[in-house]
Amino acid sequence: MTNTVLERLRAPFEGPNTTGNSTAFWVVLALGVVGLLAYPSIASGGAAENMSQYLAYAFLALSLCFIWGYCGILSFGQVAFFGVAGYTFGIVAINIGSYTGISLAVVVALFVATAFAAILGYFMFYGGVRDVYVTIITLVVAVILHRFMGQTAGSEWAVGDARLGGYNGMVGVPNDAIGFGSVGIDMTGTGLYYIMVGTLLATYLGLRALVNSQFGYAMVATREDEDRTAMFGYNTEFIKLATFTFGGTLAGLSGVLYMFYSPGGYINPDVFSVSAAALPVIWVSIGGRKSLIGAISAALVIQWFNNRIDGWLSTGFELPALTPSLELTTTTVVPGNEWSLVIIGSVLLFVILVMPEGVAPRIESTVHRVLERLERRREQRSQSADVEAETETEVPE
Amino acid sequence: MGPYELLSLFFQFLDSFAFLVLATVGLAIIFGMMGVINLAHGEFILVGAYATTLSFHSLADLGVPLALPIAMVVGVLVTMVFGLVLEVTVMRRLYGRLLDSMVATWAISLIMIQLLRIQFGNSIDNIAIPGGNVSFGPYTNPYYELFLVGAAIAVLIGLYWLFTRTDFGMRARATIQDKETARSMGVDTDRMYMTTFVIGSGLAGLTGALYAPMQSMSPEAGTGFLVEAFVTVVVGGTSVIVGTLLASGLLGLPKAGFEYAFNSQLIGQVAMLVVAIVAIRLMPSGITGLVESWRQSRRESND
Amino acid sequence: MSERRFSRRRALATGLSGVGVALAGCLAEEDDGNGSGNGGNGETTGTTDDDAPTVGILENRTGNLALEGTSKHQASLLAIEEINENGGVLGEEVEVFDPDPRSDNQRYTELTQEAIRDEEVDALWAAYSSAARETIRPLINQHDQLYFYTTQYEGGVCDKTTFPVGATARQQLGAVVPYLIEEYGERIYIIAADYNFGQLSGEWVNILAEEEGAEIVGEEYIPLESSSFSSTINNIQGEDPDFIMSMLVGGNHAAFYQERAANDLDIPIGSSTTMAQGYEHLRLDPPALTDMYVGVNYMQELQTDASQEFVDAFYEKFPDAEYINQEAQNNYFSVYMWKEAVERAGTFDQEAVIEELESGIEVDAPEGPIELDPATHHMTHHMRVAHADENHEITFDGEQYIEPTFLHDAGCDLTVESEQTQYEPSDVYE
């Protein structure tokens, strides 16, 4: 009985377009959420604060996974929408400054990021720009923003009271709380952390429902064969535009949440840099571009790993070793943290070569295969038992 | 604008043009043939530059005459060997997988930058720009920069000859056009890929060797080539020679022109990038696509 | 350990800290094993003991600012090691928290969070670029963290817990611009990096030129990514100035000096950024930097006794080090300055230490004896004009003892009023 209720509850979030359509998956997901919620009480203050930042990045990963994994649009410039939203938030919040102002800043920032994505998307998709050409245009947009914002140091580069600040960045954006009038919700510390986890979970479930809807099918069809989908009467240009635009909204949301995390309300043009632009591509390729949960996990794990690896490399590892008299002991190897980028690069390379579809789909297919094998073995056993008992009529479907 | 200013502007255009051509060809040839984008292209160039610089210093210390040209040959050869090793170990698994290849080569560039730093430190000593300069009115321009322009044109002519006049070129074009048919006609496409990758690497190495005296040598120096090269390849499209030539011209003009008009390098750069975006929008398969369709329509009207 | 080394150590310890360092019998354990010279990279202590005094040293050893950051990191480790060998601070051995920020401002934020909240560092040295400093300063302010920023910079930071001890643009340019006007003439061409530091430095040159009655004949700002300078060279040739003021920064911009040599452009250059940070005079083939004049407070070529002792100790610990830049010296003396303030205060408590620093403090730095200006938290520096000849040999001239006057003019007095501002020249000058 409970099973069917649960199944009905799960139904809108499941379908051929998402990995993880089993009870086991939902249990693991629930455990993961509990783990995330518990993290601030386990980890130290600085580490928990850093995790808030990675949670904000997870939305950026989702935005790329959504447009690339499900509609085949590889944007190298999702950070452009992230950064535009961040700067817009800053400009509005600095100029208005109350709780209401911050709420308004969220709305305006999301709107501007969305509109920017829509304009860029219209420009590209209705002009027949495809594949790697989309990748390049989006990257170039980010590069232009990076170079342009970098030189806005002078006092003439200001919107109202908000100085853009060049490479030194925009500082002092109010970001403590969101609300109306004198009523506000605290947006700092662990409070912000829990809000981020909640928003992330809701966004994730919403996207699952979306990609398993009619529109999701159309997106996937466009990804698989755009010309054929168009021949069936779908307006693929519009599908791509809508997907890309919504991806821009998600990246904008990521930028807004980042601003809430950002200590002292700070943002600088580094958010548009080529190395920042590459991060979402890395998260999504590693996590699995057709797996929303893979993208989220990869963003969290890779950033966390990147943050920790220096410490591990410089405190060293215990390795087994032989003494000259051939006794087995351990020895501590301290590679030094100059090796961390080499190791990160090697891990990326390894995953791309060995698991081209990404880690999450690989885990799922492995789990699937193991379960299937167990199932088959059980069936065989019960079949042989059946044969021994008596011949039975075919079981109706 | 007097005649001297005009000449100065013309030299600046030639500079940008030569830079774009040389930064691009290696990347373009690999993209055109195998459909992969090598994000470690800047680091391939850097391998050539490092090998040139380091061997130049050891040769010069030994008092070998013509140290710089010899060192440049060494730079090219080292990069070719490096490309070969990487092709066999990594790249051949990525052909046709455009997006995976971007992530994989990004990882390779991370690794290479850091390995160069661990091995050679934060910088290595530079080579001075050789030769004198031509002077016109109050201005000068180094001969070496004119030599780079010549080198860029020579590379394009050399590639034209390679692709149109040699047996290799014929097979290469057949492979690009239709891999399956080429294979059934007895072309060893895997070998073609390997050779092409090594040639592309060699061209990157040549660029590194030629620009070694112009750049300050540090592990990050390769990143300066990437964005421009990347953009030029895509604006050019899949045809290496025509695409690279026209795209370099198309992008070099606004760069030099706007920079001159506004006396601001930033405006020059931004103008170049904006032209690139508009060009891609108007010619979604690059200049090559436009040239192709123009050729086709001419053929049809002739019939 | 050789006798020579011991005597130098003692000389440094007593010389630099001024007040008597308690050489309590128990010398700290020597940890020389890792001075392998590859940047001392192996020395990070992952997590440090809770009770022991800890300093955070966040300096770049990878990424595009590693060239400048490595030497800062090394000098800090040297100072801490010397202090620990001579009995530590208040008799306690100082621990170091020094992960690598990799020239990445995002990482700077993360590591500063950890340094302040998890490691609870007693003092923090961090950031090479102004952007990195501004990235972490909100965190510094939130936690009232004692923070030393040691890079030479555009100036103007007036912040209760921040001590920008490097020379400011005004101090550096104030040393070199009037010197060159005197020496070569009054027509100046400015080229500078197109971002905050470069643009503000450009403003300073304009201000100084006006004060000296000189004329700016051209001004050009170069994007940080750019390494092509043929148009710039031709523009300069067109104007034919008496000298060039160059505030170019980073590896890409070094190409300018190479092109200058190839074009036989023999117009002298003044600078606040070249040689003393990225040792271009050693990296570039002569004669690229012929007649380069830089306003500096320190370069390793400085031939005073204090400087050479420092240089010897540095290369003994890091035999493969590439250069000791101006910032490395600033890290070195400021660690000793912190030590003295702690010992005067008798506690590691940051508020008390800041109060002690603000009471006026002097240090015998490798550049010479210098003092902290309590009102602005900046140093009065020995500024010199370093000159490179056609073989890139360095000589020094025109030494002046320059106070950090700008913030006084701006009305910054941190002993009276706590602030967290950054002033710009336009706040004071028209």
Quiz item: What does the average come to when, for each residue of peptide A:341-347, you count the partner chain Cβ atoms lying within 10 Å of its Cβ?
Solution: 6
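For a test of the definition: using alpha carbon positions, the gyration tensor, and the 1.5 limit on a/c, classify the range A:4-54 as rounded, prolate or oblate.
prolate
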Practice problem: For the range B:255-303, just say rounded, prolate or oblate: build the C-alpha gyration tensor, square-root its eigenvalues into a ≥ b ≥ c, call rounded for a/c under 1.5, and beyond that prolate if a/b exceeds b/c, oblate if not. | Solution: prolate
Quiz item: Label-point separation (nm) for B:ARG191 and C:GLU120, each offset 7 Å from Cα along Cα-to-Cβ?
Solution: 7.1 nm
Self-check item: Contact order normalised by residue count of chain A, Cα under 8 Å, 6+ apart, percent
Solution: 25 percent
Quiz prompt | Tilt relative to chain C, helix C:305-317 - C-alpha long axis, 0 to 90 degrees, to 10 | solution = 70 degrees
Quiz item: Among A:PHE82, A:ALA299, A:GLY287, whose Cα sits farthest toward the positive end of the charge dipole of the range A:2-312 (+1 at Cβ of Lys/Arg, -1 at Cβ of Asp/Glu, about the Cα centre)?
Solution: A:GLY287
Quiz item: Angle, helix C:196-212 long axis vs. longest principal axis of chain C, Cα atoms, 0 to 90°, nearest 10?
Solution: 60 degrees
Quiz item: How well do other chains shield peptide B:126-133, expressed as the mean number of their Cβ atoms within 10 Å of each residue Cβ?
Solution: 5
Quiz item: Counting DSSP beta bridges in chain C, what percent are antiparallel, to the nearest 5?
Solution: 45 percent
Exercise. Please build a GNM for chain C, connecting alpha carbons under 10 Å apart, and tell me which residue among C:ALA169, C:ALA75, C:ALA261 fluctuates the most.
Key: C:ALA261
Quiz prompt | Antiparallel bridge percentage (DSSP; both residues within the protein assembly as shown; nearest 5) | solution = 55 percent
Exercise. Could you tell me how many degrees, from 0 to 90 and to the nearest 10, lie between the Cα long axis of helix A:236-261 and the main elongation axis, the longest principal axis, of the Cα atoms of chain A?
Key: 70 degrees
Self-check item: Cα centroid separation - the range B:145-205 against the range C:227-304, whole Å
Solution: 42 Å
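Name the shape class, rounded, prolate or oblate, that the alpha-carbon gyration tensor gives for chain B, where a ≥ b ≥ c are the square roots of its eigenvalues, rounded holds for a/c under 1.5, and otherwise prolate holds if a/b is larger than b/c and oblate otherwise.
Verdict is oblate for chain B.
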Self-check item: Relative contact order for chain C, counting Cα pairs under 8 Å that sit 6 or more residues apart, in percent
Solution: 18 percent
Self-check item: Inverse of mean 1/r across different Cα pairs in the range A:99-163, Kirkwood, Å
Solution: 14.3 Å
Quiz prompt | Viscosity 0.692 mPa s, temperature 37 °C, Stokes-Einstein D of chain A from Kirkwood C-alpha radius, µm²/s | solution = 140 µm²/s
Quiz item: Working from the pairwise distances between different alpha carbons, so that the mean of 1/r is found and then inverted, what is the range C:148-212's Kirkwood radius in Å?
Solution: 12.7 Å
Quiz item: In debye to the nearest 20, how big a dipole does the range A:2-312 give about its Cα centre with +1 on each Lys and Arg Cβ and -1 on each Asp and Glu Cβ?
Solution: 340 debye
Practice problem: Go through A:MET149, A:TYR194, A:GLY172 and say which Cα lies farthest out towards the positive end of the charge dipole of the range A:2-312; charges sit on Cβ, +1 for Lys and Arg, -1 for Asp and Glu. | Solution: A:TYR194
Practice problem: Give me the net charge of A:TYR234's neighbourhood, meaning all other residues with Cβ under 13 Å from the Cβ of A:TYR234; Lys, Arg count +1, Asp, Glu -1. | Solution: -2
Exercise. Would you give the gap between the C-alpha center of the range B:107-136 and the C-alpha center of the range A:210-263, rounded to a whole Å?
Key: 43 Å
Exercise. Mind checking which of C:ASN252, B:ALA28, C:GLN199 is farthest towards the positive end of the protein assembly as shown's charge dipole, using Cβ charges of +1 (Lys, Arg) and -1 (Asp, Glu) about the Cα centre?
Key: B:ALA28
Quiz item: Taking each residue of C:97-108 in turn, how many C-beta atoms of other protein chains fall within 10 Å of its C-beta, and what is the average?
Solution: 5
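Under a Cβ-only charge scheme (Lys and Arg +1, Asp and Glu -1), can you give me the dipole magnitude of chain C about the Cα centre, in debye to the nearest 20?
On the way: 21 positive and 84 negative charges, 121 e Å.
Its charge dipole is roughly 580 debye.
What FRET efficiency comes out for C:ALA352 versus C:ASP389 if R0 is 56 angstrom and r is the Cβ-Cβ distance? Round to the nearest 0.05.
Between C:ALA352 and C:ASP389 the formula returns 0.70.
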Exercise. Along Cα→Cβ, 7 Å out, is where each label goes; now give me the distance between the ones at A:VAL27 and A:ARG373 in nm to one decimal.
Key: 2.0 nm
Exercise. Can you list which of the chymotrypsin sites (Phe, Trp or Tyr not before Pro) found in the range C:247-282 are DSSP loop residues with at most 10 other C-beta atoms within 10 Å?
Key: none
Quiz prompt | Rough spin-label spacing in nm, given labels placed 7 Å along Cα→Cβ, for C:ASP413 and A:THR331 | solution = 6.4 nm
Quiz item: Whole number please: convex hull volume per residue of the Cα set in the protein assembly as shown, in Å³?
Solution: 233 Å³
Practice problem: Compare B:LEU98, B:LEU210, B:LEU253 in a GNM of chain B, Cα atoms joined below 10 Å, and give the one with the largest fluctuation. | Solution: B:LEU98
Quiz item: Could you give the alpha-carbon Rg of the range A:152-192 over 2.2 N^0.38 Å, rounded to two decimals?
Solution: 1.57
Quiz item: Taking chain B as a Gaussian network, Cα atoms linked when under 10 Å apart, which of B:LEU27, B:LEU156, B:LEU282 shows the biggest mean-square fluctuation?
Solution: B:LEU282
Quiz item: All other residues with a Cβ under 15 Å from the Cβ of B:TYR193 taken together, and with Lys, Arg as +1 and Asp, Glu as -1, what is their net charge?
Solution: +3
Practice problem: For the range A:61-218, compute Rh as the Kirkwood radius over C-alpha pairs and then the Stokes-Einstein diffusion coefficient at 25 °C and 0.890 mPa s; write the answer in µm²/s, rounded to an integer. | Solution: 139 µm²/s
Self-check item: Length released on extending from A:LEU9 to A:PHE111, taking residue separation times 0.36 nm less the Cα-Cα span
Solution: 33.5 nm
Quiz item: How many angstrom lie between the C-alpha centres of the range B:1-72 and the range B:225-303?
Solution: 20 Å
Self-check item: For the range A:138-244, size of Cβ-based charge dipole, Lys and Arg +1, Asp and Glu -1, in debye
Solution: 100 debye
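Values in this text are rule-based calculations from the coordinates and carry no lab data. Because the structure is predicted, anything quoted here is derived from the model rather than measured. Here the Cβ is made from the backbone with ideal geometry for all residues, glycine too, and neighbour counts use every protein chain on show.
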